[in-house]
1. Among the residues of region A:152-161, is there at least one that is among the polar types (S, T, N, Q) and touching a strand residue (DSSP E or B) at 6+ places or on another chain (Cβ under 7 Å)?
2. For region A:44-67, state whether one or more residues are in the same structural domain as A:Ala164 (by TED's automatic domain parsing), open to solvent by 40 Å² or more (accessible area, probe 1.4 Å) and more than 26 Å from the chain's Cα centre (by Cα).
3. If the requirement is being within 12 Å of chain A (Cβ to nearest Cβ), away from ligand 3 (no atom under 16 Å from the Cβ), closer than 24 Å to A:Glu78 by Cα and not acidic (Asp, Glu), which of these qualifies: B:Ala112, B:Ala152, B:Ala69?
4. Quick check on B:Gly56: is it more than 16 Å from ligand 1 (Cβ to nearest atom), out of contact with any helix residue (DSSP H, G or I) (no Cβ under 8 Å at 6 or more places or on another chain) and within 11 Å of another protein chain (Cβ to nearest Cβ)?
5. Are there any pairs, at least 6 apart or on different chains, whose C-beta atoms fall under 7 Å, with the first in region B:117-143 and more than 14 Å from chain A (Cβ to nearest Cβ) and the second within 16 Å of ligand 2 (Cβ to nearest atom), and if so, which?
6. Restricting attention to helices (runs of 4 or more DSSP H) lying wholly within region A:83-177, give those where 1 or more residues are within 14 Å of chain B (Cβ to nearest Cβ).
Amino acid sequence: MRYERPETLEDAVGLLSATPERSHILAGGTDLLVRMKNDDFDADLVVDIKRIAGMGEIARTDAGFVIGAAVPCAKLAEDAALVAAWPGVVEAANLIGSTQIQSRCTMTGNLCNAGPAADSVPALVAVDARVKIVGPEGNRIIPARDVPVGPGQTSLAPGEIVAAIVLPEPAPQTGSAYLRFIPRTEMDIAVVGTAVVLTRDADGTVASARVALGAVGPRVIVPDDAAQMLVGTTLDDDTLARFEAACSDAATPIDDKRGTVAFRKEVAGVLARRAAKIAYDRAGETQ
Amino acid sequence: MTTIAVSTTINGDDVEYLCHADESLLDVLRNRLGLMGSKEGCGTGDCGACSTMLDGRIVCSCLVLGAEAEGREIETIEGMAHGHDLHPLQTKFLEHAALQCGICTPGFLMAAKALLDVNPDPTEEEIRFWLAGNLCRCTGYDKIVRAVQDAAAEMRGDAA
Ligand SMILES: Cc1cc2nc3c(=O)[nH]c(=O)nc-3n(C[C@H](O)[C@H](O)[C@H](O)COP(=O)(O)OP(=O)(O)OC[C@H]3O[C@@H](n4cnc5c(N)ncnc54)[C@H](O)[C@@H]3O)c2cc1C
Ligand code: FES
Ligand code: FES
């Protein structure tokens, strides 16, 4: 196996294109280097993207927050403007692993690893994040939601690299939140994860809402019908009860050692309801 | 497999070594450089026994490639004491009996030092959350938390 540390995206794409089948992109390595320890891991090339200019930076542009693919999650929490704009994304990313893992793990790695329980992915989907991709056939921008296509599978073509994740500027009076259930208080894999983003009108009613459910299906679930129930309301108890039931219905989890189908469906509804209330309150605190 | 030549800084000293592409920084420290203070508990990022500083952030050195350290600054447990002068955290771990078998101790010390660097006056909850990636099967954690609190107070100059 070779280790390469290109300094430009073009070089990185070139290296990966030359070894399309047996190469891996290395961001924080908290998934890849764990897999590398398995006896059946076999690769010819690892391309470390951390030395590519701009990959470790967060930039605020007309398009929104452009988060380089190699930005460690710990750095997200250090960016006050990002925390103020999208607290739901930062709190989801900061739930990944431990302090040590936070120093290394990236949202891009979380997304491209395509694990069904990845914590930052529902949050990215709820804010409708975009992903900038560079590759041998040119560049493209797609919704973050379209990167994972199934457990461990992405829509990236051989040689393609995610260069950055772009979070839009939030509309005025927008709030976001992410909640997950794990049996411990930290260092565990989500049994259910729920993200909610909503925007309020001047009179306090919900103008728009987006909801994303993680760990209850092979991909993140976006129950638009449930989100629509919140629009035009101030999250009264009746609305929230219907919303909770609709989120539970939308979840399609599996039974495993961390939770049964029935338990996960119920928790998906409960957490979505709580996340909606937090997002609503946060929306009221912004200008 | 070919080897890679790496130049880096460890505990303030310039260091050069050769390593394989898939070799972890932890293995380089222990097996090539004789720095045996960082321990391997799991090798998969779960236990924190291998905690080291990499460019000012605390990481699991078992989940860093040796080759990634080129041009970086690394601090290990070997850099914590100065000769016989122990760091206050080390002294307090001894005073509070915050270790039994000791395999987790270098990782806890490195992680606790990283905490006090950014937060000199952490609450108990902040200490427990920050150290959640460090596992100890002997002490039950309480003595570790007390030792960190006590060291923090001493480093701030508060009379304990
Ligand atoms: C102890 C421990 C605890 C963890 N806890 C959690 C948790 O609570 N929640 C959670 O969601 N995850 C958890 N994880 C998993 C992991 O930390 C996250 O998925 C993390 O976000 C991965 O990011 P990374 O930068 O380290 O990815 P890497 O390991 O570098 O990469 C992951 C995958 O994405 C690919 N990739 C990386 N960058 C790119 C790119 N720019 N373009 C295209 N493909 C790319 C890699 O080739 C690889 O297949 C944990 C892992 C460990 C070891
Ligand atoms: S040996 Fe690195 S975390 Fe356990
Ligand atoms: S002292 Fe034995 S594991 Fe902590």
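1. Start the filter on region A:152-161 by keeping residues that are among the polar types (S, T, N, Q), which leaves A:153-155.
Filter again for touching a strand residue (DSSP E or B) at 6+ places or on another chain (Cβ under 7 Å), leaving A:154-155.
Scanning region A:152-161 turns up at least one residue that is among the polar types (S, T, N, Q) and touching a strand residue (DSSP E or B) at 6+ places or on another chain (Cβ under 7 Å).
2. Yes, region A:44-67 contains at least one residue that is in the same structural domain as A:Ala164 (by TED's automatic domain parsing), open to solvent by 40 Å² or more (accessible area, probe 1.4 Å) and more than 26 Å from the chain's Cα centre (by Cα).
3. Of B:Ala112, B:Ala152, B:Ala69, the one residue that is within 12 Å of chain A (Cβ to nearest Cβ), away from ligand 3 (no atom under 16 Å from the Cβ), closer than 24 Å to A:Glu78 by Cα and not acidic (Asp, Glu) is B:Ala69.
4. Yes, satisfied.
5. Sorted first by the residue in region B:117-143, then by its partner, the pairs are B:Cys138/B:Cys101.
6. The helices (runs of 4 or more DSSP H) meeting that bar are A:87-93, A:99-102, A:107-113.
Conditions tested, residue by residue: (1) open to solvent by 10 Å² or more (accessible area, probe 1.4 Å); (2) modelled with pLDDT of 95 or more; (3) touching a strand residue (DSSP E or B) at 6+ places or on another chain (Cβ under 7 Å).
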{"residue": "B:Gly37", "(1), (2), (3)": "yes, yes, no"}
{"residue": "B:Cys60", "(1), (2), (3)": "no, yes, yes"}
{"residue": "B:Ala67", "(1), (2), (3)": "no, yes, yes"}
{"residue": "B:Arg72", "(1), (2), (3)": "yes, yes, yes"}
{"residue": "B:Leu86", "(1), (2), (3)": "yes, yes, no"}
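Condition check ((1) over 22 Å from A:Ser103 (Cα atoms); (2) open to solvent by less than 70 Å² (accessible area, probe 1.4 Å)) across all residues:
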| site | (1), (2) |
| --- | --- |
| B:Pro122 | no, yes |
| B:Trp130 | no, yes |
| B:Asn134 | no, yes |
| B:Cys138 | yes, yes |
| B:Tyr141 | yes, no |
| B:Ile144 | yes, yes |
| B:Val148 | no, yes |
| B:Met155 | yes, no |
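The values are calculated or read from the model by the stated rules, or taken from the named source; none is laboratory data. Keep in mind that what you see is a predicted model, and the values were worked out from it rather than measured. Here the Cβ is made from the backbone with ideal geometry for all residues, glycine too, and neighbour counts use every protein chain on show. Protein only, heavy atoms only, side chains kept; ligands, DNA and RNA dropped before computing areas. Shrake-Rupley method; radii C 1.70, N 1.55, O 1.52, S 1.80 Å.
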